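What follows is a short report on a single structure.
The values are calculated or read from the model by the stated rules, or taken from the named source; none is laboratory data. Small disclaimer: the values here were computed from a predicted structure and weren't measured. Cβ placement follows ideal geometry from the backbone for every residue including glycine, while neighbour counts extend to all protein chains displayed. In case anyone asks, the SASA skips ligands and DNA or RNA and just uses the protein heavy atoms, side chains included. Shrake-Rupley method; radii C 1.70, N 1.55, O 1.52, S 1.80 Å.
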Amino acid sequence: MANPPELGAKLRLGYTASLLDRMAQRRDDALAIKKLCEHARAGVYVIGGELVVLKGTGEAGEMCNPLCAPTEASALGAVRESVFLGAVNEAPRFGFGLDPQTAEALKTRNDLKVTDLRSIAVQGLVGADDLPPLAEAKALLGWHARHRFCPNCGSPTHLVQAGWRRDCPVCKALHFPRTDPVVIMQVIAGERCVLGRSQRFAPTMWSCLAGFIEPGETIEEAVRREVLEEVGIACGEVRYFASQPWPFPSSLMIGCHARALSEEIVIDREELEDARWFDRTELATMLKRQHKDGLTTPPPVAIAHHIIRDFVENGCNVFG
């Protein structure tokens with residue numbers, strides 16, 4: 001590719017560039033947290049399982065308001081857990097967790113939009129600055145929903161530290177929120193790269209390969225192992241690109257470029273529906289939604305979009 005294509009303005013990667021001051025030093029002070037929740041500018045993100053409760057309808061391209069006052073949020077249903085997220089310009093931010101059934105029932109209200117966080121991001125239903133704290137709240141509240149009992153002894157656990165720890169009163173074990181690291185990589189050979197298709201993808205979408213990092217693995221080792229397992233290609237050099245919180249339920253996507261040492265694709269059909277090589281010119285048409293067969297890449301909210309765009313614009317210079 002002689003000259004990189006004009007792909008337009010780069011959009012912000014979803015769930016990143018948080019404006020929150022997490023104020024971790026306040027989490028042990030229950031009285032301070034109570035006062036922050038009573039603050040005149042306190043705002044609450046309300047989440048029930050996979051659903052987020054927004055104020056407004058989101059119709060005709062209109063944005064919704066993802067923040068409720070604490071009293072408004074409490075009136076929506078019984079709050080299972082409350083977590084302190086931090087503050088934006090000294091305005092406290094909290095996450096309130098409802099039972100999923102309660103959130104589902106709120107869909108009948110005509111003054112609320114109740115939908116999942118992926119749809120919120122892709123459809124631009126809230127401002128970009130609200131996506132990082134929403135991701136934080138969803139991941140943290142989702143962890144609480146899965147850890148109400150001690151994995152060590154089975155006893156009910158108690159929420160402490162403003163939602164950033166659960167303690168077992170019986171065996172005294174302390175449990176902290178976890179994030180699962182995932183590598184997501186573009187496999188490159190010259191002017192081409194490999195993209196794959198999962199069975200759960202939209203019919204036209206192709207994306208980077210991805211997989212969880214296993215215990216005792218480095219990022220580079222995980223990239224090479226996952227690529228070899230999924231498409232049978234050996235990789236050498238691995239370069240870090242960027243990372244993205246991915247609250248589905250609680251992962252950190254670690255974006256990389258990997259240099260292919262072989263080119264024959266052998267697909268693991270349990271992992272992928274299909275995989276093939278794409279050149280930079282074809283990728284550019286996919287990014288611009290102009291592919292002759294309607295093929296697409298993930299939307300800009302996903303790190304895969306940005307990894308692919310980096311290769312289209314810079315070719316093998318992505319390796320430095």
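Quick look at the numbers
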{"item": "Every residue from region 200-254 that is in contact (Cβ under 8 Å) with a residue 60 or more places away in the chain, in a loop (DSSP other than H, G, I, E, B) and crowded, with 17+ Cβ neighbours inside 10 Å", "result": "206, 208, 247, 250"}
{"item": "Residues being among the β-branched types (Val, Ile, Thr) and under 30 Å from residue 289 (Cα atoms) - total across region 198-220", "result": "1"}
{"item": "Region 131-180 - residue that is open to solvent by less than 60 Å² (accessible area, probe 1.4 Å) and aromatic (Phe, Trp, Tyr) and, of those, farthest from residue 92 (Cα to Cα)", "result": "143"}
{"item": "Of all residues in region 54-63 being surrounded by fewer than 17 Cβ atoms within 10 Å (Cβ to Cβ) and of a type in the set (A, V, I, L, M, F, W, C), the one that is farthest from residue 94 (Cα to Cα)", "result": "60"}
{"item": "Check on residue 237, of a type in the set (D, E, K, R) and either touching a helix residue (DSSP H, G or I) at 6+ places or on another chain (Cβ under 8 Å) or closer than 30 Å to residue 178 by Cβ (or both)", "result": "yes"}
{"item": "Selected residue [assigned to a loop (DSSP other than H, G, I, E, B) and buried (at least 16 other Cβ atoms within 10 Å of the Cβ)] from 265, 308", "result": "265"}
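The rows are residues; the columns are (1) buried (at least 22 other Cβ atoms within 10 Å of the Cβ); (2) among the small types (Gly, Ala, Ser); (3) modelled with pLDDT under 95; (4) under 24 Å from the mean Cα position of the chain (by Cα).
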{"site": "28", "(1), (2), (3), (4)": "no, no, no, no"}
{"site": "42", "(1), (2), (3), (4)": "no, yes, no, no"}
{"site": "52", "(1), (2), (3), (4)": "yes, no, no, yes"}
{"site": "66", "(1), (2), (3), (4)": "yes, no, no, yes"}
{"site": "85", "(1), (2), (3), (4)": "yes, no, no, yes"}
{"site": "98", "(1), (2), (3), (4)": "yes, no, no, yes"}
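Rundown of residues vs (1) within 18 Å of residue 306 (Cβ to Cβ); (2) small (Gly, Ala, Ser); (3) under 19 Å from the mean Cα position of the chain (by Cα), yes/no style:
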residue	(1), (2), (3)
185	yes, no, yes
189	no, yes, no
195	yes, no, no
199	no, no, no
204	no, no, no
207	yes, yes, yes
217	no, no, no
